[in-house]
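Report on one structure; see the data block that follows.
The values are calculated or read from the model by the stated rules, or taken from the named source; none is laboratory data. Just so you know, these numbers come straight off a predicted model, no measurement behind them. Reconstructed Cβ throughout: ideal geometry from the backbone, glycine too, with neighbour counts over all protein chains shown.
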Amino acid sequence: MTTNQGLKISEDEHSLKAGERGPTLMEDFHFREKMTHFDHERIPERIVHARGNGAHGYFEVYESMKEYTKAKFLQDPDVKTPVFVRFSTVAGSKGSADTVRDARGFATKFYTEEGNYDLVGNNIPVFFIQDAIKFPDLVHSFKPEPHNEMPQASTAHDTFWDFVANNQETAHMVMWTMSDRGIPRSYRMMEGFGVHTFRFVNDQGKARFVKFHWKPVLGVHSLVLDEALTIAGKDPDYHRRDLWESIEMGNYPEYELGVQMIDEEDEFKFDFDILDATKIWPEEDVPVKIIGKMTLNRNQDNVFAESEQVAFHPGHVVPGIDFSNDPLLQGRLFSYTDTQLIRLGGPNFHEIPINRPVCPFHNHQNDGYHRMTINTGQVSYHKNSLLNNDPRPASEEEGGYVHYQEKIEGRKVRARSESFEDHFSQAKLFWNSMTESEKEHIIGAFRFELGKVKSKDVQQQVVDMFNHVDAGLAAEIAKGIGVDIPVENVESSCMKSSPALSQENTVKSPKTRKVAVLLEDGFSYVDAKSAMEKLENAGIVPEVISSALGIKTSEDGKEIEVDKTFLTADSVLYDAVYVPGGKQSAEKLKASFDSIAFVAHAYNHFKAIGAGNEGIQVLREANINEIPMDIEGKVYFEKGLVATQNVNDLTAFSQEFIQAITAHRHWSRAV
Ligand code: HDD
């Protein structure tokens, strides 16, 4: 151990004192250095997306995208481009819970040979506002209210909903945040979107409008609201833990990159403005072309050095990727560098290791706080003769970035195009695309959020606003929060739906799902062990939960180690529950409030539940009575409940159980 000056430290537990019981001396440079450094350990948290965590990985393109873009990292399938991704919530502080209802940030830094490219997106493909000038207002409205700093990490309060009702361009994104997308099951199971319309430019100078999509290989899956709220207390780190543990286990999160492209000449062919960030390009109209895959395979070494200090910016582009005139994007292009100046303490944040390009970088920018590199020589200006004009700008052929030469004509006005005026058609499109259970969740979310709003007037305004989306939705919200059901017929006439928007149509996979196996002494070893093995073979992760840590012994004297207890675990932290047989084990589980609550909550949260032999009685004790008494020698499978009695071979049971887990949730179950 040394001081920061490299001096070896002989003692680190006692400050230097005048006598053993005397005052500390000014002279104690080691104490002063240690304490001063500690006093300065914090930097300002991000104004938005403060709560987040990241991982390293790489990106590979499937085939050359030369026809569409000259971006080097999208040319060669043999090239692995290193990436760092930071996932985040938007509203909460750095220490807030992961599972709150919110959009999630999905920011990717590609360390390409042409410089860093940042795709700074969210898990929702649209944004609340159309023009960046409104961003401070939006953020002020959803942050804790200034007079009492409540509530934390939540939009369920008056100012947010007042903003919504008075800025109705928010309608579409509000639909998304009130849907299951607002409470993802895992960062590994959510989509990412670049949101804005960008441009691809190829080496012939031809440009196309493009939108970026990340599609998780495991599909898009969510929690249910009650579960998300409980997890916020039981494990506020739920999402970062899930990401960390998956990578540690070798279950590397994977996302395919997709692009939607529109030819420049088709810019005006749509019934929405493609520059409007509150609009999607329905996938059925503009297909998503899958072009590559990102794999996250390495956890960070130090969260502060990496996640906290990483500086993303939508303006970090490479040749072949350019901007559009989306007024939200244009404003972002200013804001991100500006925020890093205060957050990271000066203009040299690009020298922090996580932000450093992997390609060489040199220019005449020098000095400033925290300059790391030592610029040598006499010359720090362009043009010069003393250094033979070095470094000099590169031509386009040499890889110099040349902005796309879009022809612009117009008058300077503070205005918004009329083509940005339709706020409700796509909100209705989203609603039309939901299944019945997804619609119920949206209604429930509105009732929860607006139920916490104190102003009746704001509540009524919001209901009246969503009457423009769907009269049935507005009426259901109104009934739940005790305001008037609107009578005016103003519902959007949009009849379209987009199957790609419903999570019901997503990829379903059993891989990496967590199953709680509840048992006590006297459990059936065959039931527990052979089912667990089969689950593991399907990529599922079983964990044994019991009343105490240590070893549990089966009815035939075999041992199993307990992973967690009813005190340290909870059904909300698992995707499914399994109760193996064994008379003594089942009796003890039946007599315990904790184990009964565990099973009952899993049932109420629509999760797969498996039971073998006496384990079925534990389900009955939890009031789960669907499983008939006479399944002797058979496997029962209905509504995510899978049970078996007196069957020697658990293959069929395990297959059904795995299928039930794969389905994610069983909405047909009446709760
Ligand atoms: Fe932003 C952070 C995503 C609109 C201003 N934003 C930030 C992060 C993400 C997004 C993922 C966190 C990056 C990280 O992990 O470090 N932001 C979006 C998306 C938007 C969006 C998808 C709309 C399409 N943002 C937006 C606007 C503005 C900002 C309109 C301002 C004009 N955003 C910021 C910021 C942040 C930020 C204040 C806070 C910390 C940071 O930049 O580095 O500058």
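Checked against (1) in a loop (DSSP other than H, G, I, E, B); (2) touching a residue at least 12 places away in the same chain (Cβ under 8 Å), Gly54 meets all criteria but (1).
Considering the range 295-337, and only residues there that are hydroxyl-bearing (Ser, Thr, Tyr) and closer than 17 Å to Asn116 by Cα, the residue that is nearest to the ligand (Cβ to nearest atom) turns out to be Tyr336.
Of all helices (runs of 4 or more DSSP H) completely enclosed by the range 123-228, which ones contain at least 1 residues that are without any contact (Cβ under 8 Å) to a residue 40 or more places away in the chain?
Details: elements: 135-142, 158-166, 171-178.
Hits in the range 123-228: 135-142, 158-166.
Scanning the range 600-622 for residues that are in a helix (DSSP H, G or I) and either acidic (Asp, Glu) or within 18 Å of Leu223 (Cβ to Cβ) (or both) turns up Ala600, His601, Ala602, Tyr603, Asn604, Glu621. For the range 109-138, the set of residues classified as within 26 Å of Asn355 (Cα to Cα), among the β-branched types (Val, Ile, Thr) and within 20 Å of the chain's Cα centre (by Cα) consists of Val120, Ile124, listed by residue number.
With the structure loaded, tell me whether Asp118 is under 30 Å from Ser502 (Cα atoms), in contact with a strand residue (DSSP E or B) (Cβ under 8 Å, 6 or more places away or on another chain) and within 12 Å of the ligand (Cβ to nearest atom) or whether it fails that test.
Details: under 30 Å from Ser502 (Cα atoms): yes; in contact with a strand residue (DSSP E or B) (Cβ under 8 Å, 6 or more places away or on another chain): yes; within 12 Å of the ligand (Cβ to nearest atom): yes.
The answer is yes for Asp118.
Scan the range 1-51 for residues that are of a type in the set (S, T, N, Q) and either under 22 Å from Gly346 (Cβ atoms) or in contact with a strand residue (DSSP E or B) (Cβ under 9 Å, 6 or more places away or on another chain) (or both) and the total you get is 5.
Scanning the range 84-115 for residues that are within 13 Å of the ligand (Cβ to nearest atom) and within 23 Å of His213 (Cα to Cα) yields a count of 16.
Yes/no per residue for (1) more than 25 Å from the chain's Cα centre (by Cα); (2) among the polar types (S, T, N, Q); (3) modelled with pLDDT of 95 or more:
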{"site": "Ala528", "(1), (2), (3)": "yes, no, yes"}
{"site": "Ala531", "(1), (2), (3)": "yes, no, yes"}
{"site": "Glu536", "(1), (2), (3)": "yes, no, yes"}
{"site": "Ser546", "(1), (2), (3)": "yes, yes, yes"}
{"site": "Thr553", "(1), (2), (3)": "yes, yes, yes"}
{"site": "Ile560", "(1), (2), (3)": "yes, no, yes"}
{"site": "Leu573", "(1), (2), (3)": "no, no, yes"}
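Would you pick out the residues in the range 71-101 that are in contact with a Phe, Trp or Tyr (Cβ under 9 Å, 6 or more places away or on another chain) and in a loop (DSSP other than H, G, I, E, B)? Listed by number, the residues that qualify are Ala71, Pro77, Val79, Lys80, Val90, Ala91, Ala97, Asp98, Thr99, Arg101.
Among the residues of the range 316-342, those identified as part of a loop (DSSP other than H, G, I, E, B) and crowded, with 16+ Cβ neighbours inside 10 Å are His316, Val317, Val318, Pro319, Gly320, Phe323, Ser324, Asp326. For first residues located in the range 463-478 and free of Cβ contacts under 8 Å to residues at least 24 places away in the same chain, partners that are among the β-branched types (Val, Ile, Thr) and part of a helix (DSSP H, G or I) and lie 6+ apart or on another chain with Cβ distances below 7 Å form the pairs Val463/Ile477; Ala474/Val463; Ala478/Val463. The numbered conditions (1) free of Cβ contacts under 8 Å to residues at least 24 places away in the same chain; (2) within 16 Å of the ligand (Cβ to nearest atom); (3) among the aliphatic types (A, V, I, L, M) are all true for Val379 except (2).
Let's see how each residue does on (1) basic (Lys, Arg); (2) touching a helix residue (DSSP H, G or I) at 6+ places or on another chain (Cβ under 8 Å); (3) under 19 Å from Arg240 (Cα atoms):
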| position | (1), (2), (3) |
| --- | --- |
| Glu284 | no, yes, no |
| Ile290 | no, no, no |
| Lys293 | yes, no, no |
| Gln300 | no, yes, yes |
| Val303 | no, no, yes |
| Glu306 | no, yes, yes |
| Val317 | no, no, no |
| Gly320 | no, yes, no |
| Asp326 | no, no, no |
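For the range 520-535, a residue qualifies if it is out of contact with any Lys or Arg (no Cβ under 6 Å at 6 or more places or on another chain) and under 21 Å from Phe598 (Cβ atoms), and the qualifying residues are Gly522, Phe523, Ser524, Asp527, Ala528, Lys529, Ala531, Met532, Leu535. The single condition among (1) more than 24 Å from Pro82 (Cβ to Cβ); (2) loosely packed, with under 15 Cβ neighbours inside 10 Å that His362 does not satisfy is (1). Residues of the range 178-196 include at least one that is closer than 23 Å to Asp457 by Cα and either more than 12 Å from the ligand (Cβ to nearest atom) or assigned by TED's automatic domain parsing to the domain that holds Gly315 (or both).
Residue-wise test of (1) assigned by TED's automatic domain parsing to the domain that holds Thr197; (2) within 19 Å of the chain's Cα centre (by Cα); (3) among the polar types (S, T, N, Q).
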{"residue": "Gln300", "(1), (2), (3)": "yes, yes, yes"}
{"residue": "Val303", "(1), (2), (3)": "yes, yes, no"}
{"residue": "Ser307", "(1), (2), (3)": "yes, yes, yes"}
{"residue": "His313", "(1), (2), (3)": "yes, yes, no"}
{"residue": "Pro319", "(1), (2), (3)": "yes, no, no"}
{"residue": "Asp322", "(1), (2), (3)": "yes, no, no"}
{"residue": "Asn325", "(1), (2), (3)": "yes, no, yes"}
{"residue": "Leu328", "(1), (2), (3)": "yes, no, no"}
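Please state which of the following conditions Ala600 fails to meet, knowing it meets all the rest: (1) more than 17 Å from Ala643 (Cβ to Cβ); (2) without any contact (Cβ under 8 Å) to a residue 40 or more places away in the chain. Unmet for Ala600, out of (1) more than 17 Å from Ala643 (Cβ to Cβ); (2) without any contact (Cβ under 8 Å) to a residue 40 or more places away in the chain: (1). Assess whether Ala153 counts as being touching a Ser or Thr at 6+ places or on another chain (Cβ under 9 Å) and crowded, with 21+ Cβ neighbours inside 10 Å. Yes; evaluated as a whole, the condition is true for this residue. A residue that is touching a Pro at 6+ places or on another chain (Cβ under 9 Å) and within 26 Å of Asn537 (Cβ to Cβ) occurs nowhere in the range 223-238. Would you call Glu67 in the same structural domain as Val259 (by TED's automatic domain parsing), of a type in the set (Asp, Glu), at negative phi and in contact with a Gly (Cβ under 9 Å, 6 or more places away or on another chain)? Criteria not met by Glu67. Please find, within the range 34-53, the residue that is farthest from the chain's Cα centre (by Cα) out of those that are of a type in the set (A, V, I, L, M) and within 25 Å of Ser154 (Cβ to Cβ). Top of the filtered list is Ile43.
Every residue, every condition in (1) surrounded by 12 or more Cβ atoms within 10 Å (Cβ to Cβ); (2) within 16 Å of the ligand (Cβ to nearest atom); (3) not in a loop (DSSP other than H, G, I, E, B), yes or no:
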position	(1), (2), (3)
Asn4	no, no, no
His14	no, no, no
Gly19	no, no, no
Gly22	no, no, no
Phe31	yes, no, yes
Met35	yes, no, yes
Ile43	yes, yes, no
Arg46	yes, yes, no
Ala50	yes, yes, no
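Is it fair to say Phe59 is within 24 Å of Met249 (Cβ to Cβ), surrounded by 20 or more Cβ atoms within 10 Å (Cβ to Cβ) and more than 16 Å from the ligand (Cβ to nearest atom)? It is true that Phe59 is within 24 Å of Met249 (Cβ to Cβ), surrounded by 20 or more Cβ atoms within 10 Å (Cβ to Cβ) and more than 16 Å from the ligand (Cβ to nearest atom).
Say whether the condition of being assigned to a helix (DSSP H, G or I) and in contact with a Cys (Cβ under 9 Å, 6 or more places away or on another chain) is met by at least one residue in the range 414-426. Scanning the range 414-426, I find at least one residue that is assigned to a helix (DSSP H, G or I) and in contact with a Cys (Cβ under 9 Å, 6 or more places away or on another chain), so the answer is yes.
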